[in-house]
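These notes concern the structure reproduced below.
Please treat every number below as a calculation from the coordinates, not as lab data. Remember, it's a predicted structure, so these values are computed and weren't measured experimentally. All Cβ positions, glycine included, derive from the backbone under ideal geometry; neighbour counts span all protein chains shown.
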Amino acid sequence: MKLILKQHPHLINHSLKVVSLIFGYLFWAILAQNQNAQININIPIYFYGLKNNLEIESQENLKVKIEGRRSDLCKLDLKQLAAHFDISHIDNVGEYKIDVQKADLFLHKKFKLIEYSPQIITIQIKEKK
């Protein structure tokens, strides 16, 4: 056995390199998942509380930039994100402006809202035909 090791000392060094490479990758993977990242997404806008005899015209999406841990952002179901606005107080036909607030997005507390646009949504309320 000693004879083989004396003839091929690079075999021991090679094994050490492979083990070091595996540990290095695992260490990187663990740290990379805990780093913060940002994503830009378009989320749909929903209105509720509209009177039965009225209909609404508005833009369909809101541009949002959120920040969170990379692992949490990877698990985020983008189909569940939306902006919700209560318009039950609107009784008349006309143009209305709605201020977008962070609370309208129902964003989980582990995510940070960086920016969103537009900050004011213009809607048109019309009578149903």
Lys pairs in the stretch 36-127, Cα-Cα under 17 Å, at least 8 apart or on separate chains: how many? 16
Looking only at F47, F27, F85, which one moves most when the chain is put into a Gaussian network model with springs between Cα atoms under 10 Å? F27
Add -39500 (n - 2.57) for each DSSP H run of 4 or more in the chain, then divide by its residues: what number comes out at 222 nm, to the nearest 500 deg cm²/dmol? -8500 deg cm²/dmol
Tilt, helix 10-33 to longest principal axis of the chain (alpha-carbon atoms), in degrees rounded to tens, equals 20 degrees
How many times 2.2 N^0.38 Å is the alpha carbon radius of gyration of the stretch 27-119? 1.35
What ranking do 65-78, 107-120 get when scored by the average of other Cβ atoms within 10 Å per residue, highest first? 65-78, 107-120
Name the residues of the stretch 19-48 whose amide N is less than 11 Å from a point 7 angstrom out from the Cα of K65 along the C-beta direction? 38-41
